[in-house]
Amino acid sequence: MKILSIAVNTFRENLRDKLLYNLLVFALLMIGSSILLMRLTLGEFHRLILDIGLGSINFFGVLIAIFVGIGLVSKEIEKKTIYTIVSKPVARYQFLLGKYLGLTITLFVNTVIMALGLLVVLYAQAVPVEGMLFKALALIFVEFMVVTAVALLFSTFTSATLSAIFTLALYVIGHLTADLRTFGEKMDGLSRGVLDGIYYILPNLERFNLKGHVVHHLEVTGSDLMLIVTYGATYTAVLLFTASLIFHRRDFR
Amino acid sequence: MTPNYDLVVQTEQLSKIFRVGFWGKRVTAVESLNLEVRHGEVFGFLGPNGAGKTTTLKMLMGLIHPTSGHAQLFGRELGDPQTKARLGFLPESPYFYDYLSSREFLGFYGHLFGLWGKVLDKRVDELLELVGMTHAKDLQLRKFSKGMLQRVGVAQALINDPELVVLDEPMSGLDPIGRKEVRDLILRLKEAGKTVLFSSHILHDAEVLCDRVAMILKGCLVACGKVTDLLDQGANHQVELMVDHLTPEGLDHLRPLTDKVVIQGDRMLVVLKSQQEVGGALEIIRASKANVVSLNPQKGSLEDLFIREVKEHRNPSEART
């Protein structure tokens, strides 16, 4: 119940954050702009709209996850609001989970709004909507959850600016881990082991990317989908657990 | 540390060392602090800025982990959720969630204590009434003045009807009216049987409000006890004597007994070294046929004691002379 109260308060805080609206407006503009771009392209209209649409939802959602996520905890410490919460019968992990859940709700609402924007564009251009699109959107949301947890983890021990840089870096690397593995395969012995280790430790965010499947009408089996969601959930849980451990030891000066 | 249930706050050798900077240089914020706050008293925690007051309070509130030593609240170790339900805390110059109205703000804190629905509404209304903020219940906190923020801050600390109320610098940054309101509120809490622990560097407030005070300097406790006892200890027992028409010869006789003489026309203000000199001084005055206008024994103030302690810490030899 305490976690939920903090989550609702965080959601309310997010709703009154101008940054969120700016990003949302840009996302909708980007999705809408695919109509204009379509006129400059020969053929493949449908692919273009789907590609730009899903890409925009992913990109702006990640920006919200990072830039609102890094402020979740650091802003509370900076403004000393956390003092009044932690001195009440609220465990630190409850505070952290509440903040996380709050932003997750915000991201969910945003994803729904952006998805509706995309659906409107698809409908206007008479592009057939397939079930795969919703699977892709669901996985994009799972990716947001992982990225938010990364941002939250960093913000429990470092400043907002550094957290943003680290999280952005991890987001980019997370989409390139396959290359890391390929690179490792060309080596041997210790270097290969190290690169393999890094490959398994870092989040493999490319797993959540089904844009190609949607655009090229490829299928993903239900069990594969479950596996990817489980991977995202487990990764998030580990991140949140680590964040709680760090947060528990922290002094609020 | 054996639990003492008669004490609301008890610390034993409580210390905090911070590591600052890149190389983790050790800075002692609080050193071997022994403190006891009893049920139902108003306890002032005094010291200059940077003395370690806030660090100590934060340790008690579970915001900072002590480096060594022990502390108990209501006879239980720090961090016990049951203990936290019995205390209220107002941090120094807080900002709060400025996108909330005072009603939403207090409602949120109420939820953290499991208060919902009508019980919560009633409690919020009572508190807004208590701190005189009923008129601004639907106004966003971002539109509040500092005094108003401080008042909803106090309301926030009282949402769970706590037995111990801890206020960090509750008077700082407030105008005289705001300060008086906080003072009245503290007295009202005392009447209601609450224990109040507050830190301050405004000594006058402490002198008026506190049953007992502790003075801390550079993380070390330098004085602790009843305000009256400390004032007696600290008083220099000087006596101010106002005399009319004292002859120059009379003044010459009087001088050895005085610390200071201020002449204003026919009238002069004589500060006697101690109360023992009063008899002798009066005899000299009578002999020279002068009139005594007034005689005031000087009461020491916490401020005098405070300044002396600070001096003693900076330069022990200077303070003794």
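The values are calculated or read from the model by the stated rules, or taken from the named source; none is laboratory data. Source: prediction; values computed, not measured. Neighbour counts are summed over all protein chains in view; Cβ atoms, including those assigned to glycine, are modelled from backbone coordinates with ideal geometry.
Are any of the residues in the stretch B:176-183 closer than 23 Å to B:Q10 by Cβ, in the same structural domain as B:G52 (by TED's automatic domain parsing) and either of a type outside the set (D, E, K, R) or in contact (Cβ under 8 Å) with a residue 60 or more places away in the chain (or both)? Before the answer, list the steps.
Residues of the stretch B:176-183 closer than 23 Å to B:Q10 by Cβ: none.
So far as the stretch B:176-183 goes, no, none of its residues is closer than 23 Å to B:Q10 by Cβ, in the same structural domain as B:G52 (by TED's automatic domain parsing) and either of a type outside the set (D, E, K, R) or in contact (Cβ under 8 Å) with a residue 60 or more places away in the chain (or both).
Any residue at all in the stretch A:72-81 that's of a type in the set (A, V, I, L, M), more than 30 Å from A:S33 (Cβ to Cβ) and within 12 Å of another protein chain (Cβ to nearest Cβ)? I'd like the intermediate steps shown before the answer.
Just the residues of the stretch A:72-81 that are of a type in the set (A, V, I, L, M), to begin with: A:72-73, A:77.
If we keep only those that are more than 30 Å from A:S33 (Cβ to Cβ) too, we end up with A:72-73, A:77.
Now drop any that are not within 12 Å of another protein chain (Cβ to nearest Cβ), which leaves A:77.
Yes, the stretch A:72-81 contains at least one residue that is of a type in the set (A, V, I, L, M), more than 30 Å from A:S33 (Cβ to Cβ) and within 12 Å of another protein chain (Cβ to nearest Cβ).
What number of residues in the stretch B:74-91 are in a loop (DSSP other than H, G, I, E, B), facing chain A (nearest Cβ under 8 Å) and of a type in the set (D, E, K, R)?
Within the stretch B:74-91, the first condition is being in a loop (DSSP other than H, G, I, E, B), and the residues that meet it are B:74-75, B:78-80, B:85-86, B:91.
Subsequent filtering for residues that are facing chain A (nearest Cβ under 8 Å) retains B:85, B:91.
Then keep just the ones that are of a type in the set (D, E, K, R); that gives none.
Residues in the stretch B:74-91 being in a loop (DSSP other than H, G, I, E, B), facing chain A (nearest Cβ under 8 Å) and of a type in the set (D, E, K, R): 0 in total.
Kindly indicate whether A:K99 is closer than 19 Å to A:T158 by Cβ, within 14 Å of chain B (Cβ to nearest Cβ) and under 20 Å from the mean Cα position of the chain (by Cα).
Details: closer than 19 Å to A:T158 by Cβ: yes; within 14 Å of chain B (Cβ to nearest Cβ): yes; under 20 Å from the mean Cα position of the chain (by Cα): yes.
Criteria met by A:K99.
For A:A27, are the conditions met, namely being at pLDDT below 90, more than 10 Å from chain B (Cβ to nearest Cβ) and under 16 Å from the mean Cα position of the chain (by Cα)?
Criteria met by A:A27.
Failed condition for B:R151, given (1) within 12 Å of chain A (Cβ to nearest Cβ); (2) of a type outside the set (G, A, S); (3) touching an Asp or Glu at 6+ places or on another chain (Cβ under 8 Å), with all others met?
Single failed check for B:R151: (1).
Identify all residues within the stretch B:127-143 that are within 14 Å of chain A (Cβ to nearest Cβ) and in contact (Cβ under 8 Å) with a residue 40 or more places away in the chain; write none if there are none.
Those that are within 14 Å of chain A (Cβ to nearest Cβ) and in contact (Cβ under 8 Å) with a residue 40 or more places away in the chain: B:Q140, B:L141, B:R142.
Within the stretch B:104-126, count every residue that is within 14 Å of chain A (Cβ to nearest Cβ) and over 25 Å from A:S74 (Cα atoms).
Initial filter on the stretch B:104-126 (within 14 Å of chain A (Cβ to nearest Cβ)): B:104-117, B:120.
If we keep only those that are over 25 Å from A:S74 (Cα atoms) too, we end up with B:114-117, B:120.
Result for the stretch B:104-126: 5.
Before we move on, is B:T54 β-branched (V, I, T), under 23 Å from B:I307 (Cβ atoms) and either within 13 Å of chain A (Cβ to nearest Cβ) or without any contact (Cβ under 8 Å) to a residue 60 or more places away in the chain (or both)? Steps first, please.
On the way: β-branched (V, I, T): yes; under 23 Å from B:I307 (Cβ atoms): yes; either within 13 Å of chain A (Cβ to nearest Cβ) or without any contact (Cβ under 8 Å) to a residue 60 or more places away in the chain (or both): yes.
So B:T54 passes the test.
Quick one: in the stretch B:188-203, which of the residues that are touching a helix residue (DSSP H, G or I) at 6+ places or on another chain (Cβ under 6 Å) and of a type in the set (G, A, S) is modelled with the lowest pLDDT?
Step one: of the stretch B:188-203, the residues touching a helix residue (DSSP H, G or I) at 6+ places or on another chain (Cβ under 6 Å) are B:196, B:199-200, B:203.
Now narrow it down to the ones that are of a type in the set (G, A, S): B:199-200.
Numbers: B:S199: 92, B:S200: 88.
So the residue we want is B:S200.
Among the helices (runs of 4 or more DSSP H) lying completely within the stretch A:136-253, list those that include at least 2 residues that are among the aliphatic types (A, V, I, L, M) and either surrounded by fewer than 20 Cβ atoms within 10 Å (Cβ to Cβ) or at pLDDT 85 or above (or both).
Details: elements: A:160-174, A:177-185, A:189-201, A:211-215, A:222-249.
In the stretch A:136-253, the matching helices (runs of 4 or more DSSP H) lie at A:160-174, A:177-185, A:189-201, A:222-249.
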